Each structure stands twice: as structure tokens, then as C-alpha cells.
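Novice: My structure is below; once you've seen it, I'll send some questions.
Only the coordinates and a few stated rules stand behind these numbers; no lab work does. None of the values given here were measured: they were computed from a predicted structure. No Cβ is skipped: glycine too gets one built from the backbone with ideal geometry, and neighbour counts run over all protein chains shown.
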Amino acid sequence: MLEYCLNCDYAEEIPPTRETVIISVCGEDIEAIEELYRCPACGEAFTSSLGHDALTEAYRKYRHRHGLLQPEEIRQWREQAGLTQQELSALLGWESTTLRWYENGALQEVVHDNLLKSLMQQPLNLLQLIEKPSVVLNEEKRQQLRRQLHFVSTRLRPPVNPDAVVLLPAKEMVRWTS
């Protein structure tokens, strides 16, 4: 790959090398592979934005070790649920950028991860959020999500008598997942 050394202006092909590095993630040391380019003229080592990202690898390993959702799992579920990032963030009471950061690889808070898992694993929890009065969802979108959640919940488990279902208040659901 042709890389350019900013230190000495060397501009010929420099082959990448891979080195093991230790990256601290939340106080835990994680081994990752860093792709480096070492200038043959001056010896300067640098990375490329097009190469392997050691921090992304370290975050993925950390999430795996601690049972946290990976970014693509969050995005895939949200899209399957029929929600935009802005809609889901607003329903959860998060800043609009929080979910976008998580889906793009930022390391999520454990309490946020638990809340997302509770929505993913129990469609009734998402239904509860959708039923809350909100300016985020118009009535047409709310009806669409209700139909979709009803379809999903009946496919995941035997039909339930809707009169027998007791939904927790939102603050109880959040306390339960923390």
C-alpha cells in the first residue's frame, strides 16, 4: 500500500507490519493487533485510517468478555424493530447521539446495554415504551409498531391473553434492568 511519511516526505510503497499491543479498556488490559507502517528512510512508525483498527478490536474483545452487545447487534435489532436512531433514543430518554455512538463502535454503559437487552429479549418491554405518551411517535407509527410487536411476540411464545399481561411502569422496568 502506498503510504506517505509525514516526517520525511518519503512517498513510496511501505508494506504494513502487524504488532501486538496492549490497550487498556475500562481498566482492563486487552491484547490487540495494530497495523503499522514503518518508514524505511527515517524509521518513523505510523498507522493508516484504511488499515486495521486496534482500538475497535480491543472494544470488540472487551464486549465479548463481558457479554455486552456488539454494535451491529444493536443496529440490526433497532432496524428490525422499525425504529430510527432518533426514535429509539427518545423512547429510552437518551441523548440523540448516544445510540449513534454505540452503533458506530463506542463502548456502551453496562446499564444501557442491559436496557437494550431487556427490550430485545422481551417485546412487551418495547411495547410498554411505545405506549407511553410521547411526541416522538405519531399514532400511525405507534400502530405499525404495535402490529409488528404483536407478530413478533406471538412467534416467540404461545399466544397470551392480553388481559392477563401486566406491564410494569417504565421506572420499574429501568430499575429491574439496572
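Novice: Can you tell me which aspartates and glutamates have their Cα less than 13 Å from the Cα of LYS117? Leave out same-chain residues fewer than eight positions away.
Specialist: Answer for LYS117, where 13 Å is the Cα cut-off: GLU73, GLU109, listed by chain and number.
Novice: Where does each of THR98, THR17 land when they are ranked from fewest to most other beta-carbon atoms within 10 angstrom? Working shown, then result.
Specialist: Numbers: THR98 18, THR17 11.
So the ranking, lowest neighbour count to highest, is THR17, THR98.
Novice: Right, something else. Divide, for segment 16-66, the radius of gyration over alpha carbons by 2.2 N^0.38 Å, where N is the residue count. Numbers along the way, then the final one.
Specialist: Details: Rg = 12.5 Å, N = 51, 2.2 N^0.38 = 9.8 Å.
So segment 16-66 has a normalised radius of gyration of 1.28.
Novice: I would also like to ask the following. Please give, to one decimal in nm, the separation of the simple spin-label points placed at ARG100 and THR56, each 7 Å out from Cα toward the Cβ.
Specialist: That separation, rounded to one decimal, is 1.9 nm.
Novice: Quick one: which of 117-127, 139-149 comes out on top by average Cβ neighbours within 10 Å, and what's the full order, highest first?
Specialist: Working: 117-127: 18.1, 139-149: 13.7.
Result, highest mean first: 117-127, 139-149.
Novice: Mind sorting TRP77, TRP101 by how few other Cβ atoms lie within 10 Å of their own Cβ, fewest first?
Specialist: On the way: TRP77 17, TRP101 14.
Starting with the residue having the fewest Cβ neighbours, the order is TRP101, TRP77.
Novice: Let me ask something else about it. According to a simple spin-label model (label point 7 Å from Cα along Cα-to-Cβ), what is the distance in nm between GLU131 and GLU19?
Specialist: According to this spin-label approximation, the distance is 5.8 nm.
Novice: Let me ask another. At 7 Å along the Cα-to-beta-carbon direction for both ALA41 and ARG147, put a label point, then send me their distance in nm to one decimal.
Specialist: Modelled inter-label distance: 6.5 nm.
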